[in-house]
Amino acid sequence: MKNYKITVNGTEYDVVVEETTGGQAASAPAAKAAPVKKAPAKKASSGAQGGIKVPAPMPGKILSVKVSVGTAVKKNQVIMILEAMKMENEILAPEDGTIASIDVNEGASVETGNVLATMN
């Protein structure tokens, strides 16, 4: 048995995988993935950059920015669209707050983990 932590659309799951030999499947019931609660994001002091960072979940190209600096956003509101592998991916606000900075322009290429925006 091996334990893995997998993140799908921002939700972490603990997964247990059983290795088998000889191509035979084990008779044990299938493992169920259970969501893991994340620690809440830290609130930032006011400033040019917010303390809540919105990172790129994958490499790609910014197709459009849907909000501007100073915009109040709700949790899971679309703040920009990232194209990756010919698919449009919505980048969502991780929590309620105000956009403190937009750190990318439309058409910019980004790598996994690059900060796209910050929030207060």
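The values are calculated or read from the model by the stated rules, or taken from the named source; none is laboratory data. None of these values were measured; they are calculated from a predicted model. Positions of Cβ are backbone-derived with ideal geometry, glycine not excepted, and every protein chain shown enters the neighbour counts. Protein only, heavy atoms only, side chains kept; ligands, DNA and RNA dropped before computing areas. Shrake-Rupley method; radii C 1.70, N 1.55, O 1.52, S 1.80 Å.
Within the range 46-66, restricting attention to residues that are surrounded by 18 or more Cβ atoms within 10 Å (Cβ to Cβ) and either of a type in the set (Lys, Arg) or within 13 Å of residue 119 (Cα to Cα) (or both), the residue that is modelled with the lowest pLDDT is 50. Testing residue 76 on (1) within 14 Å of the chain's Cα centre (by Cα); (2) on the phi < 0 side of the Ramachandran plot, one condition comes back false. Which one is that? Single failed check for residue 76: (2). In the range 9-19, the residue that is nearest to residue 76 (Cα to Cα) out of those that are free of Cβ contacts under 8 Å to residues at least 24 places away in the same chain and open to solvent by less than 70 Å² (accessible area, probe 1.4 Å) is 13. Taken as a whole, the condition of being free of Cβ contacts under 8 Å to residues at least 12 places away in the same chain and at negative phi does not apply to residue 58. In the condition set (1) part of a loop (DSSP other than H, G, I, E, B); (2) open to solvent by less than 40 Å² (accessible area, probe 1.4 Å), residue 113 is compliant with all but (2).
Can you spot a residue in the range 73-95 that is among the small types (Gly, Ala, Ser), at pLDDT 75 or above and either in a loop (DSSP other than H, G, I, E, B) or surrounded by 11 or more Cβ atoms within 10 Å (Cβ to Cβ) (or both)? Yes, there is a match, as at least one residue in the range 73-95 is among the small types (Gly, Ala, Ser), at pLDDT 75 or above and either in a loop (DSSP other than H, G, I, E, B) or surrounded by 11 or more Cβ atoms within 10 Å (Cβ to Cβ) (or both).
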